[in-house]
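Comments concern the structure below.
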Amino acid sequence: MFISFLKDHMIGTALVNSYPELVSHITSRQICVKHLELLFESSRANLSFQKDLETYIRHQLE
């Protein structure tokens, strides 16, 4: 959900309905994620980098 928001600024309806508090926290911008959003935006043509960035983020959230 977090990566989807960073990459596409979208969170699926099912996730919004299932985890409203988490969605609210992510979308409220209380967490400073602008730099991660910019990394995804600037690497749209570099899918390998995006995949590595996703892996890195998942690892950091474990």
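Against the list (1) modelled with pLDDT of 90 or more; (2) surrounded by 13 or more Cβ atoms within 10 Å (Cβ to Cβ), the condition residue 51 fails is (2).
So which of 57, 26 is of a type in the set (Val, Ile, Thr), modelled with pLDDT under 90 and under 11 Å from the mean Cα position of the chain (by Cα)?
Values: 57 fails: modelled with pLDDT under 90.
Criteria check complete, one pass: 26.
Contact annotation: no residue pair with Cβ atoms under 8 Å, 6 or more positions apart or on different chains, pairs a residue in the range 2-28 that is farther than 18 Å from residue 61 by Cα and open to solvent by less than 60 Å² (accessible area, probe 1.4 Å) with a partner that is in a helix (DSSP H, G or I) and modelled with pLDDT of 90 or more.
The values are calculated or read from the model by the stated rules, or taken from the named source; none is laboratory data. None of these values were measured; they are calculated from a predicted model. Ideal geometry is used to build each Cβ from the backbone, glycine not excepted, and the neighbour counts take in all protein chains shown. When the accessible area is computed, the model is the full protein with side chains, heavy atoms only, and any ligands, DNA or RNA have been set aside. Shrake-Rupley method; radii C 1.70, N 1.55, O 1.52, S 1.80 Å.
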